[in-house]
1. Would a scan of segment 59-71 turn up a residue that is of a type in the set (Phe, Trp, Tyr), closer than 25 Å to Ile102 by Cβ and in contact with a Leu (Cβ under 7 Å, 6 or more places away or on another chain)?
2. Does segment 9-19 hold any residues that are open to solvent by 40 Å² or more (accessible area, probe 1.4 Å) and under 19 Å from Ser104 (Cα atoms), and which are they?
3. Within the bounds of segment 20-27, is there any residue that is under 21 Å from Arg124 (Cβ atoms), over 16 Å from the mean Cα position of the chain (by Cα), open to solvent by less than 100 Å² (accessible area, probe 1.4 Å) and at pLDDT below 95?
4. For Gln8, all conditions in the list (1) out of contact with any strand residue (DSSP E or B) (no Cβ under 7 Å at 6 or more places or on another chain); (2) closer than 22 Å to Tyr119 by Cβ; (3) touching a residue at least 12 places away in the same chain (Cβ under 8 Å) hold save one; what is the number of the exception?
Amino acid sequence: FKPRTAYQWVAESVIYLTQDSLSRGIGKSLYHALIEVLRLQGICQAIAVVTSENEKSLDFHKKMGFVPSAKLKNVGFKFGQWLDVDWLQYNFAKLPDHPEPIRSFQEIYNCTEFKTLLYDINRRLNY
């Protein structure tokens, strides 16, 4: 989310899908897996940044548990126009009073929970 140490428990989350992958449960499965990886790392919150005109993505994030947090006016230039951007926030874990430093991906890579997560997501996406 931000490179400073104070923000290490928050991650900006993003998943991009091709048009033919939409409405098949792939995004939902990938997002669940992403949140679980973040949780294994000790991260407590995710931030999604979505252009305000992208109603499908906004609705998807809200269904996943994200809540609107901020709107920035005319900060993104895409498709030949200036666009507003919505920030959505998902608090998926309790904020500890004295948080431990987050674990790197390398630190969780060999843990049983991570391997189980990979197995589960692979099974869900291939059936």
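The values are calculated or read from the model by the stated rules, or taken from the named source; none is laboratory data. Computed from a prediction, not measured in an experiment: that's the story for all the values here. Note that we place each Cβ from the backbone using ideal geometry, even for glycine, and neighbour counts take in every protein chain shown. Just the protein is used for accessible areas: all its heavy atoms, side chains included, with ligands, DNA and RNA removed. Shrake-Rupley method; radii C 1.70, N 1.55, O 1.52, S 1.80 Å.
1. Scanning segment 59-71, I find at least one residue that is of a type in the set (Phe, Trp, Tyr), closer than 25 Å to Ile102 by Cβ and in contact with a Leu (Cβ under 7 Å, 6 or more places away or on another chain), so the answer is yes.
2. Trp9, Glu12, Val14
3. Yes, segment 20-27 contains a residue that is under 21 Å from Arg124 (Cβ atoms), over 16 Å from the mean Cα position of the chain (by Cα), open to solvent by less than 100 Å² (accessible area, probe 1.4 Å) and at pLDDT below 95.
4. Of the numbered conditions (1) out of contact with any strand residue (DSSP E or B) (no Cβ under 7 Å at 6 or more places or on another chain); (2) closer than 22 Å to Tyr119 by Cβ; (3) touching a residue at least 12 places away in the same chain (Cβ under 8 Å), the odd one out for Gln8 is (2).
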